[in-house]
Amino acid sequence: MLIVHIYVHVKPERLADFKQATLENARASIQEPGIARFDVFEQQDDATRFVFVEAYRTPEAAAAHKATAHYAKWRDAVEPMMADPRQRAQYNPVFPSSENW
């Protein structure tokens with residue numbers, strides 16, 4: 001299991017476009033067999049900041065995700081929408097509360 005958090009800061013004028021592209025990517029991503037969870041959260045006090053919480057069944061599943069057409073489409077579409085380059089952090093599970101992982 002590999003958990004990845006992606007931190008994204010979006011230009012305010014591009015919020016609607018970012019959300020549309022992100023929802024399309026998330027819906028396709030969750031269909032991948034190697035993805036256990038794919039959550040997108042919008043910060044409560046700043047609607048331009050998002051956190052993606054992605055749970056992969058294996059490290060190879062994370063690499064496979066980056067090789068998909070829907071990820072490439074999302075990556076290329078949202079890059080100019082970002083106020084800052086996205087940041088990522090990887091985690092190992094200590095106590096996963098879901099038995100589906």
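Taking the residues in region 26-70 that are of a type in the set (Val, Ile, Thr) and closer than 21 Å to MET82 by Cβ as candidates, determine which candidate is farthest from the chain's Cα centre (by Cα). Per the criteria, the residue is THR48.
Quick one: in region 58-81, which of the residues that are assigned to a loop (DSSP other than H, G, I, E, B) and modelled with pLDDT of 95 or more is farthest from THR22 (Cα to Cα)? Walk me through it before giving the result.
Residues of region 58-81 that are assigned to a loop (DSSP other than H, G, I, E, B), as a first pass: 58, 67-68.
So of that shortlist, the ones also modelled with pLDDT of 95 or more come out as 67-68.
Working: ALA67: 17, THR68: 14 Å.
The extreme case among them is ALA67.
Kindly evaluate ALA47 against the criterion of being in contact with a strand residue (DSSP E or B) (Cβ under 9 Å, 6 or more places away or on another chain), modelled with pLDDT of 95 or more and either assigned to a helix (DSSP H, G or I) or farther than 18 Å from THR22 by Cβ (or both). No; evaluated as a whole, the condition is false for this residue. Flag: ASP84 matches the condition of being modelled with pLDDT of 95 or more, of a type outside the set (S, T, N, Q) and part of a loop (DSSP other than H, G, I, E, B).
I'd like to know if region 9-20 contains one or more residues that are within 9 Å of the chain's Cα centre (by Cα), closer than 23 Å to ALA83 by Cα and surrounded by 18 or more Cβ atoms within 10 Å (Cβ to Cβ). So that I can check it myself, show each step before the final result.
Going residue by residue through region 9-20, those that are within 9 Å of the chain's Cα centre (by Cα) are none.
There is no residue in region 9-20 that is within 9 Å of the chain's Cα centre (by Cα), closer than 23 Å to ALA83 by Cα and surrounded by 18 or more Cβ atoms within 10 Å (Cβ to Cβ).
Rundown of residues vs (1) surrounded by 12 or more Cβ atoms within 10 Å (Cβ to Cβ); (2) touching a strand residue (DSSP E or B) at 6+ places or on another chain (Cβ under 6 Å); (3) under 17 Å from GLN31 (Cβ atoms), yes/no style:
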{"site": "VAL51", "(1), (2), (3)": "yes, yes, no"}
{"site": "ALA61", "(1), (2), (3)": "yes, no, yes"}
{"site": "HIS65", "(1), (2), (3)": "yes, no, yes"}
{"site": "THR68", "(1), (2), (3)": "yes, no, yes"}
{"site": "TYR71", "(1), (2), (3)": "yes, no, yes"}
{"site": "PRO85", "(1), (2), (3)": "no, no, no"}
{"site": "ASN92", "(1), (2), (3)": "no, no, no"}
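The residues of region 43-92 that are more than 20 Å from GLU32 (Cα to Cα), of a type in the set (A, V, I, L, M, F, W, C) and touching a helix residue (DSSP H, G or I) at 6+ places or on another chain (Cβ under 9 Å), listed by number, are ALA47, PHE50, ALA77, VAL78, MET81, MET82, ALA83.
The values are calculated or read from the model by the stated rules, or taken from the named source; none is laboratory data. Owing to the predicted nature of the structure, the values given are computational and were not obtained by experimental measurement. When we count neighbours, we look across all protein chains shown, and the Cβ atoms used for this are built from the backbone with ideal geometry, even at glycine.
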